[in-house]
Amino acid sequence: MRPLLGRALEGGTSVGAGGLAVRSHSTRPAATAERLFDRLAVRYDLTNRAMSLGLDARWRAAAAGELALEPGFRVLDICAGTLELSDAILRAEPRATVVALDRAGHMLAAGARKRPLDPGRSALQGCALALPFASGAFDAAAVAFGLRNLPDPLRGLSEARRVLRRGARLAVLEFVHPTGAVAQAAHVVSVRFFVPLVGGLLGGDPAAYRYLARSIEAFRDLAGVEALLEAAGFRVVVSRPLWPRGPAVLVVGEAV
């Protein structure tokens with residue numbers, strides 16, 4: 001059996017009320033993005049549903065469906081947040097084992113409190129830029145709307161490649177700059193006005209959602225995400241905008 005852990009786990013374990021346990025791995029102090037997401041944890045899922053008009057669940061299901069999952073696969077959910085993508089992965093293949101990792105401990109805890117103890121999943125507070133797992137430990141991985149918030153997206157993808165076996169798939173869901181004048185104009189209106197407005201009203205933290213809006217506007221286009229995966233050691237096998245066309249995209253790479 002392939003070893004899972006490549007570095008010793010340190011720190012404690014927190015458990016949501018009757019729910020999934022969240023282990024912690026020693027990392028450097030939380031950066032601005034992690035503190036921000038911790039502030040949003042309680043209302044994060046509700047706000048996402050409203051801002052995506054309920055489509056975010058469909059997008060996660062699409063990502064899980066492209067992982068070519070099989071019974072017994074070990075799957076890593078990177079920047080896992082409140083474990084919504086982990087749920088989609090287990091719905092796609094209930095006999096998989098999912099490890100969810102995120103630097104924002106309050107986000108993981110918020111998700112864990114809603115989910116019962118389950119031998120098929122675990123949650124770990126840790127850093128995507130220094131994954132605490134052995135090389136080749138996983139059969140698939142995914143990251144939903146977290147790549148753009150990493151200080152070094154290429155390093156994060158390279159770490160994902162390291163812990164994946166050859167031929168394994170990585171699914172990336174992200175917001176990018178759409179193509180076409182109309183789509184670009186709609187994107188600017190949505191990012192600069194709609195996201196901060198709805199996020200502020202429902203999420204209760206307008207400044208945090210203004211930051212998220214800026215992170216979307218500053219990120220790459222679809223070709224740029226493809227280039228990142230290729231530079232990290234993946235062959236792009238799926239690359240498409242999600243309905244409605246842009247700005248959400250799904251890019252899937254196969255580890256080479």
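The values are calculated or read from the model by the stated rules, or taken from the named source; none is laboratory data. The model shown is predicted, which means the values in this text are computed figures rather than measured ones. We place every Cβ from the backbone using ideal geometry, glycine too, and count neighbours over all the protein chains shown.
Taking into account only those residues within segment 121-155 that are without any contact (Cβ under 8 Å) to a residue 40 or more places away in the chain and in a loop (DSSP other than H, G, I, E, B), which is surrounded by the most Cβ atoms within 10 Å (Cβ to Cβ)? Only one residue fits best here, namely 129. Checked against the criteria, residue 213 does not count as within 22 Å of residue 38 (Cα to Cα), surrounded by fewer than 14 Cβ atoms within 10 Å (Cβ to Cβ) and small (Gly, Ala, Ser). Taking segment 203-246 as the range and being within 30 Å of residue 139 (Cβ to Cβ) and part of a loop (DSSP other than H, G, I, E, B) as the test, the residues that pass are 219, 220, 232, 233, 242, 243. Residue check: residue 114 meets all listed conditions (1) buried (at least 21 other Cβ atoms within 10 Å of the Cβ); (2) within 30 Å of residue 205 (Cα to Cα) but one, namely (1). Residue 30 passes every criterion in (1) among the hydrophobic types (A, V, I, L, M, F, W, C); (2) in contact with a helix residue (DSSP H, G or I) (Cβ under 8 Å, 6 or more places away or on another chain); (3) modelled with pLDDT under 95; (4) buried (at least 20 other Cβ atoms within 10 Å of the Cβ) apart from (4). When 205, 152 are checked against the criterion of being within 18 Å of residue 35 (Cα to Cα), under 15 Å from the mean Cα position of the chain (by Cα) and acidic (Asp, Glu), 152 stands alone in meeting it. Does any residue of segment 159-167 turn out to be basic (Lys, Arg), surrounded by 17 or more Cβ atoms within 10 Å (Cβ to Cβ) and assigned to a helix (DSSP H, G or I)? Yes, the conditions are met somewhere in segment 159-167. Here are some residues: 57, 64, 68. Which one is closer than 22 Å to residue 139 by Cα, at pLDDT 85 or above and under 15 Å from the mean Cα position of the chain (by Cα)? After ruling out the rest, the residue left standing is 64. Taken together, the residues in segment 219-256 that are touching an Asp or Glu at 6+ places or on another chain (Cβ under 9 Å), modelled with pLDDT of 95 or more and of a type in the set (D, E, K, R) amount to 1. Here residue 226 meets each of (1) in contact (Cβ under 8 Å) with a residue 60 or more places away in the chain; (2) surrounded by 15 or more Cβ atoms within 10 Å (Cβ to Cβ) with one exception, condition (1). Considering only residues in segment 93-120 that are part of a strand (DSSP E or B) and touching a helix residue (DSSP H, G or I) at 6+ places or on another chain (Cβ under 6 Å), the one that is nearest to residue 35 (Cα to Cα) turns out to be 102. For segment 173-181, the criterion of being small (Gly, Ala, Ser) and crowded, with 24+ Cβ neighbours inside 10 Å is met by none of the residues.
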